[in-house]
1. Checking the conditions here, which among 86, 72 is more than 12 Å from the chain's Cα centre (by Cα), of a type in the set (Lys, Arg) and modelled with pLDDT under 95?
2. Has segment 14-30 got at least one residue that is at pLDDT 95 or above and farther than 29 Å from residue 108 by Cβ?
3. Please name all residue pairs, on different chains or six or more residues apart, with Cβ atoms under 6 Å, provided the first residue is in segment 112-126 and is free of Cβ contacts under 8 Å to residues at least 60 places away in the same chain and farther than 14 Å from residue 164 by Cβ and the second residue is in a loop (DSSP other than H, G, I, E, B) and not β-branched (Val, Ile, Thr).
4. Being small (Gly, Ala, Ser) and outside any strand (DSSP E or B) is the filter; apply it to segment 125-141 and report the residue that is surrounded by the most Cβ atoms within 10 Å (Cβ to Cβ).
5. Filter segment 9-40 down to residues that are among the basic types (Lys, Arg) and under 15 Å from residue 59 (Cα atoms), then give me how many there are.
6. Condition check: in contact with a strand residue (DSSP E or B) (Cβ under 9 Å, 6 or more places away or on another chain) and at positive phi. Does residue 121 satisfy that?
7. Any idea which of (1) within 16 Å of the ligand (Cβ to nearest atom); (2) outside the structural domain of residue 19 (by TED's automatic domain parsing) is the one residue 129 doesn't satisfy?
8. Could you go through segment 153-171 and let me know if any residue there is assigned to a loop (DSSP other than H, G, I, E, B), touching a residue at least 24 places away in the same chain (Cβ under 8 Å), within 15 Å of the ligand (Cβ to nearest atom) and surrounded by 15 or more Cβ atoms within 10 Å (Cβ to Cβ).
Amino acid sequence: MSAIPVKIWRNLQSEVASLERDARPREILKVILLWIRCNSQHLMLEPFLDYGFDMIKDLNEDSMPVEFSSLRSSDLSNFVNVIAKRKNKEVNAIAQFLRDVVEELVTVELDKECPNCGSFGMRAFVGKGNGKLAYQCSVCGHSHYVDGARVERDGLAFATEKNLRELGVIQQTIE
Ligand SMILES: [Zn+2]
């Protein structure tokens, strides 16, 4: 696909521009997911599918640990600015950016070093077939299971808050 239809792209831009300055991560996620779902006939294509938009569309956002997200309020103004600046033809950049923001909103970042690139802060995922905890580097994409085993291709799913509590990744409660 060479461009998102202008009307559809403007629709996301205006929804995002109308977010309050102190919008909570959950509201941001809601805006993005609603837009993807309402326009799925335009978005369930390449390059969006390359960035996992089919998995994003089917996210059960209520079960995701968004309150434990690493997205900060300074990231919100960056998000608003980037969406405002992008043109509907920048399909790849838009797909990648939205995927990154959604991932940041629904995954928990752990204080772990990536064995591949040395960056700090790997994200918690679960194996699709086995439910095992896995870590994925947000810089280079390297991933491995908690026991060191390699992750199969497309083997990871977003971890729900319940998954992460059962796996002991999230222990604290939210006031
Ligand atoms: Zn890495």
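The values are calculated or read from the model by the stated rules, or taken from the named source; none is laboratory data. A quick note: this is a predicted structure, and the numbers were derived from the prediction, not measured. Every residue, glycine as well, gets a Cβ built from its backbone with ideal geometry; the counts of neighbours run over all protein chains shown.
1. Step by step, each of 86, 72 is checked, and only 72 is more than 12 Å from the chain's Cα centre (by Cα), of a type in the set (Lys, Arg) and modelled with pLDDT under 95.
2. yes
3. Qualifying pairs under 6 Å: 114/142; 116/140; 116/142; 117/140.
4. Step one: of segment 125-141, the residues small (Gly, Ala, Ser) are 127, 129, 131, 134, 138, 141.
Retained after the next criterion (residues that are outside any strand (DSSP E or B)): 129, 131, 138, 141.
Working: 129: 9, 131: 12, 138: 16, 141: 10.
Ranking the candidates gives 138 first.
5. Going through segment 9-40 one residue at a time, the tally reaches 3.
6. Working: in contact with a strand residue (DSSP E or B) (Cβ under 9 Å, 6 or more places away or on another chain): yes; at positive phi: yes.
Spelling it out, residue 121 is indeed in contact with a strand residue (DSSP E or B) (Cβ under 9 Å, 6 or more places away or on another chain) and at positive phi.
7. The single condition residue 129 does not satisfy is (1).
8. Within segment 153-171, not a single residue is assigned to a loop (DSSP other than H, G, I, E, B), touching a residue at least 24 places away in the same chain (Cβ under 8 Å), within 15 Å of the ligand (Cβ to nearest atom) and surrounded by 15 or more Cβ atoms within 10 Å (Cβ to Cβ).
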